[in-house]
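Worksheet for the structure shown next.
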Amino acid sequence: MLFDSPNSLLWFALCVPIVVFYILKIRLRRQPVSTVMFWTQVLDEQNPRSIWQRLRHLVSLLMQLAMLCLLVTALADPYFFWETRSARRIVLVIDHSASMNATDIKPSRLADARRQAEQLIEAMRPRDEFALVAAGTQPQVIVGFTGRQRTLKDAVNSLPSSDGPSHVSEAIALGRRLLGERQDGKRPEVIVFTDGRFEGIGDYLAIDSATPKGVEGTPGAVDSKSTTTETNPTSKTTDAANAEVTFHIIGQRSDNLGITQFQVRRSLIDPLGYEILAEVTNASDEPAECRFEVDLVSPSRKTSDPIDVIPLKLAPNGKWSQVFEKTSADGGHLVAKLNIEDSLTLDNTAWAVLPRREVQPVILVTSGNLFLEKAFESNPLVKLTVVAFPPETIPAGTLIVYHRVAPEKLPAGSVFVIDPANSSDVYTVGEQLENAIVTKQDKDSPLMSHVRLDNVVMPEARKLVPTQPEQVQVLATAITNDPLFFAVTRPEGKVLVLTVNLDKGDLPLRTAFPISVGNALHWFAGNKSDLRESLSAGAMTSVTSSDFTSSPQGKPLMLVSPAGLTKPLPANEDKMALGPFDQCGVWKIEIDQSSAKKGSQPTDKSSSTAPLMEIACNLANSVESDIRPAQELVADKSTPSPALAGIGSRPIWFWLLLLALGLTSIEWSLYQRRVIS
């Protein structure tokens, strides 16, 4: 027998004081009496004494010594050598991805995985150690190696569901790294609870072979029929890199329809228009029918307007996709739904955020140019005012466009200068350029999006020299490497300068001209009405302060999930990385109005404060939408799954404590009997 804490055996020294107390005799006090006749009569009546009465003090002593020996031995945590050889170190990997929310097994696949994991924990052997790894959006260690069943059960039951993709392969690699940190002879194992819907499962399962390896098919309990990798018990290894991996497959072959793509973008032609890309996948072996509905929901007005309803007939394993062209100046949430009941409801709804299009006031200072006026008038989001002379005051938020004549000091705010004839505090006008042909343009700039100016002649263009080159972004240059179109970002406001004579060249006749004007309006607006791509669950993104609908002014920010949980964000950061987004719906970035503890408290739904930004998150994952485990994984196997341990499996110290408690009860009863007698 071996001991985990041999130093605890030093407590055996307590036997000495116990024996001493029993050996000590109490010195009787002498007291003179008148006669001893009565004492002699009492002693004669009690003689002869029974053997029990003679040994009762010795029995009490032996019992107390036995109790001490049992307690000290239990404190030293004894174990047998065979227990060490059969001890295991097991990593439980639980898949809690989106497909584990399927309800083909009631109440859900994840709940069934929790139940089976609890059965394994309850069957732990005394020397076993378990660890828990979550294989969701981000694989992480929930509980390190421990033998406490209560801790492991609490961790399993508190494992939340996720709408993100599964990363079982990464979780298995993480579990193997945990096993590799300890080399003490315990047999390493990795037990995975998953529905088999993850990339890379072929690396662990020989699905194409006649006898799959490493699988325990369990639509049901842990001890269902299966075939495991333990075909030869003598071939087990303690190498963590080659740790035995056993899969417990959760779920049945269930049909499912899901929205696997839902995106929205602005129209390149109509400023009020937008285009919707939708895709629906039939992840089943049977044909399916449903309706695809799209609504525009306004959170501020609390209204819902139907956009389109399309009946669908999908072939087995078929897909349907279509692009919708719609127009709307009002913002809101585009919500797509499938009116069908299946085992996975996460992919029956998808969201996209459509920002509201704001009308932008524009003051055009020109002596007259029809092409320039029509370029602004054709935009329904522009409120154009044409004047011959610069106004004395410019309302806030107004874009002022100077054609040819501009003041020497450009006003604060947004300024667009076209064909400048005189210098200003931002640029200096030089001589006329020869061969003013665009030879190079910044294709990555949003100002040049969908605009091609290559080999476009800029007649009577003049040489421009920026006064603050460090603030300039050159958008198009001539063959002489002189800037023809550039943007200036100054503290007082943005400036855009284009040197071209609109009356002499063909630029106004090209589609690039109205598109570039629309890009300029969008750039001056600060991208606040720009569409953000709907994210797939589990993705990350980055935002900048210019993406917010209004300036937070250094106030603390928070990220609000669709369920109302909040997460604090850093303040005064120009760029922030957000994610991963592990819940489907519309996420919000808001100003933290309270100083209450955040991270787990739902926000006040009655708050009228508009969010600074909204980000849509959808499942949009064909792998997670296909909730059909491979037939080879759920088929009945011929070899039963071995039991881990019996119900009465307890460590030795447990039984020693029970025995010590029994001896305590016996000794107490004997002591009471001695006192009463």
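Any read-out appearing in this document is the output of simple, stated calculations on the displayed coordinates, not a laboratory observation. Remember, it's a predicted structure, so these values are computed and weren't measured experimentally. Glycine gets a Cβ as well: all are built from the backbone with ideal geometry, and neighbour counts include every protein chain shown.
What to note about this one:
- Sequence of His450, His96 once ranked by neighbouring C-beta atoms within 10 Å, starting from the fewest: His450, His96
- When you restrict to C-alpha pairs under 8 Å that are six or more residues apart and normalise by the size of region 257-357, the relative contact order lands at 32 percent.
- Derived scalar couplings ³J(HN,Hα) [region 612-627; Karplus, 6.51 cos²θ - 1.76 cosθ + 1.60; whole Hz; x for Gly, Pro]: 6, 7, 10, 10, 8, 9, 10, 5, 6, 9, 5, 5, 6, 6, 7, 9
- The packing ranking of peptides 31-40, 104-113, highest mean first, is 104-113, 31-40, where packing means the average number of other beta carbon atoms within 10 angstrom of each residue.
- Residues with amide H under 5 Å from that of Gly251, placed H, sequence gap 5 or more: Gly220
- Close amide H partners of Asp592, meaning residues 5 or more places away or on another chain with modelled amide H under 5 Å apart, are Leu557, Met558.
- Angstrom value of the Kirkwood radius, inverse mean 1/r, which spans all Cα pairs in region 292-427: 19.2 Å
- Cα-based shape type of region 360-524, given that a ≥ b ≥ c are square roots of the gyration tensor eigenvalues and the cut on a/c is 1.5: rounded
- Amide hydrogen neighbours beyond the local backbone of Phe292, cut-off 5 Å, H modeled: Ile310, Leu312
- Neighbours of Val93 by Cβ distance under 12 Å: Lys/Arg scored +1, Asp/Glu scored -1, total -2.
- Whole-Hz Karplus values for region 439-448 come out as 10, 8, 9, 7, 6, 7, 6, x, 5, 10 Hz, taken residue by residue from phi with 6.51 cos²θ - 1.76 cosθ + 1.60 and θ = phi - 60°; glycine and proline positions read x.
- 3J(HN,Hα) couplings calculated from phi for region 277-293 with the Karplus curve 6.51 cos²θ - 1.76 cosθ + 1.60 (θ = phi - 60°) are, in sequence order, 9, 10, 9, 10, 10, 9, 8, 7, 8, 10, x, 9, 10, 6, 10, 9, 10 Hz; Gly and Pro show x.
- Electrostatic tally near Ala406: other residues with Cβ closer than 12 Å to its Cβ, Lys and Arg +1, Asp and Glu -1, net -1.
- When Cys69, Cys290, Cys15 are sorted by how many other C-beta atoms sit within 10 angstrom of their C-beta, beginning with the fewest, the order is Cys15, Cys69, Cys290.
- Taking the DSSP bridge list for region 360-524 and keeping only pairs wholly inside it, about 50 percent are antiparallel.
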